[in-house]
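Data block below; observations after.
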Amino acid sequence: MAAREPTLRIGDGAVVRRMLIGGVALVAIVLVVAPIAVIVVRAFSSGLATYAANILHPDTLHAIWLTVVTALIAVPVNTVFGIAAAWAITKFEFPGRKLLLVIIELPFSISPIVAGVALMFVYGLQGLFGPTLREYDVAILFALPGIVLASIFVTAPFVARELIPLMQAQGTELEEAATSLGASGFRTFLTVTLPGVKWALLYGVVLCNARVMGEFGAVSVVSGNIRGQTNTLPLHIELLYQDYNAVGAFAAASVLTVIALFTLVAKVALEGRGAGRARPTAAVVPTPVGEEKPA
């Protein structure tokens with residue numbers, strides 16, 4: 001019987017392969033490389049002294065400080081939430097488990113601006129808790145707490161969605177064995193669960209941090225855009241551009257670009273450790289009867 005000729009897949013042909021690679025490279029250059037190059041060129045277009053003056057401007061420094069503080073609060077909160085949510089969903093069976101999964105993913109399906117407006121209806125002067133907060137002189141909106149709340153909301157799923165698939169694949173056998181040997185729940189988590197998910201956890205933290213620092217929509221609604229007070233770095237960049245200070249805007253944008261590049265490097269490094277992607281399961285090859293396994 002004659003052997004069948006292998007069917008060519010898309011991209012097996014030399015011409016198609018070159019076209020695909022060239023097309024992808026062209027799109028990457030136009031959409032990624034060119035904008036980054038423009039940011040760098042325009043940021044330094046007036047010289048290094050002007051660039052430094054724009055970065056060291058009090059309003060820019062305050063925007064950088066506010067962005068960092070927001071990340072230092074929001075990322076740990078979402079890390080703890082992601083670990084707890086992943087542990088609850090993958091280690092226990094309870095009514096409403098699927099509903100909890102949907103709620104965790106909800107921020108990905110809601111526009112950040114809509115999330116900001118929702119926070120206005122909850123914590124604003126005319127909102128659900130607004131009158132009570134005003135009575136006790138507690139400022140949520142147009143202040144740091146509102147910015148942090150908006151950032152936590154939009155980044156809540158990042159850590160959990162990295163941990164849940166991996167912890168589901170790992171199962172509960174190791175935790176049950178540790179518990180049967182007398183280990184407490186906390187010790188079981190530290191010595192059994194955490195070592196197996198540490199790279200996925202770091203991967204989720206890196207993505208969460210990048211999104212917090214670059215968030216614009218939700219924060220623009222709840223912050224009030226008060227220059228030098230409630231402007232994070234993305235909002236400050238918009239204000240500088242509206243003030244026709246293009247060099248200052250690009251200088252501030254270069255800070256976010258550096259953060260993005262560091263995030264990309266960390267992301268690639270963590271993916272090399274197996275985070276952020278499905279790990280192939282090694283195939284088990286049965287040993288023929290009467291034949292010993294190799295040492």
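The values are calculated or read from the model by the stated rules, or taken from the named source; none is laboratory data. It should be emphasised that the depicted structure is a prediction, and the values quoted were computed from it without experimental measurement. No Cβ is skipped: glycine too gets one built from the backbone with ideal geometry, and neighbour counts run over all protein chains shown. Accessible surface areas use protein heavy atoms only, side chains included; no ligands, DNA or RNA. Shrake-Rupley method; radii C 1.70, N 1.55, O 1.52, S 1.80 Å.
Under 23 Å from residue 144 (Cβ atoms), aliphatic (A, V, I, L, M) and touching a His at 6+ places or on another chain (Cβ under 7 Å), is that true of residue 218?
Values: under 23 Å from residue 144 (Cβ atoms): yes; aliphatic (A, V, I, L, M): yes; touching a His at 6+ places or on another chain (Cβ under 7 Å): no.
When the stated conditions are applied, residue 218 does not pass them.
Among residues that are modelled with pLDDT of 85 or more and open to solvent by less than 40 Å² (accessible area, probe 1.4 Å), residue 238 is not included. Identify, please: which residue in the stretch 164-214 is within 17 Å of residue 272 (Cα to Cα) and over 13 Å from the mean Cα position of the chain (by Cα) and is, among those, surrounded by the most Cβ atoms within 10 Å (Cβ to Cβ)? Out of the qualifying residues, it is 197.
For residues that are among the polar types (S, T, N, Q) and crowded, with 20+ Cβ neighbours inside 10 Å, scanning just the stretch 221-235, find the one that is nearest to the chain's Cα centre (by Cα).
Step one: filter the stretch 221-235 for residues among the polar types (S, T, N, Q), giving 223, 225, 229-232.
Cutting the leftovers down to crowded, with 20+ Cβ neighbours inside 10 Å gives us 223, 230-232.
Working: 223: 21, 230: 22, 231: 21, 232: 17 Å.
For the stretch 221-235, the residue satisfying everything is 232.
Residues that are loosely packed, with under 10 Cβ neighbours inside 10 Å and either assigned to a helix (DSSP H, G or I) or in contact with a strand residue (DSSP E or B) (Cβ under 6 Å, 6 or more places away or on another chain) (or both) within the stretch 92-111 comprise 98, 99, 109, listed in sequence order. Reported count of residues in the stretch 113-134, each being modelled with pLDDT of 85 or more, in contact with a Gly (Cβ under 7 Å, 6 or more places away or on another chain) and open to solvent by less than 40 Å² (accessible area, probe 1.4 Å), is 2.
Table: residues versus (1) closer than 26 Å to residue 65 by Cα; (2) of a type in the set (Gly, Ala, Ser).
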position	(1), (2)
106	no, no
149	yes, no
199	no, no
220	yes, yes
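When the stretch 222-246 is examined, which residues are found to be in contact with a Gly (Cβ under 8 Å, 6 or more places away or on another chain) and of a type outside the set (A, V, I, L, M)? Once the filter is applied, which keeps residues that are in contact with a Gly (Cβ under 8 Å, 6 or more places away or on another chain) and of a type outside the set (A, V, I, L, M), the stretch 222-246 yields 223, 230, 234.
Tell me yes or no: at least one residue of the stretch 265-275 is part of a helix (DSSP H, G or I), at pLDDT 80 or above and either touching a strand residue (DSSP E or B) at 6+ places or on another chain (Cβ under 7 Å) or buried (at least 20 other Cβ atoms within 10 Å of the Cβ) (or both). Checking the stretch 265-275: not a single residue is part of a helix (DSSP H, G or I), at pLDDT 80 or above and either touching a strand residue (DSSP E or B) at 6+ places or on another chain (Cβ under 7 Å) or buried (at least 20 other Cβ atoms within 10 Å of the Cβ) (or both). Taking residues in the stretch 190-209 that are in contact (Cβ under 8 Å) with a residue 24 or more places away in the chain, and partners anywhere that are among the hydroxyl-bearing types (Ser, Thr, Tyr) and open to solvent by less than 40 Å² (accessible area, probe 1.4 Å), the pairs with Cβ atoms closer than 8 Å and at least 6 places apart or on different chains are 201/79; 204/79; 205/79; 206/263; 207/263; 208/79; 208/155; 209/263. Being farther than 28 Å from residue 216 by Cα and either loosely packed, with under 12 Cβ neighbours inside 10 Å or at pLDDT 85 or above (or both) is a property that residue 11 lacks. Picking from residues in the stretch 39-58 that are touching a residue at least 60 places away in the same chain (Cβ under 8 Å) and aliphatic (A, V, I, L, M), the one that is most open to solvent (accessible area, probe 1.4 Å) is 40. On inspection, residue 138 does not qualify as free of Cβ contacts under 8 Å to residues at least 40 places away in the same chain, under 26 Å from the mean Cα position of the chain (by Cα) and open to solvent by 20 Å² or more (accessible area, probe 1.4 Å).
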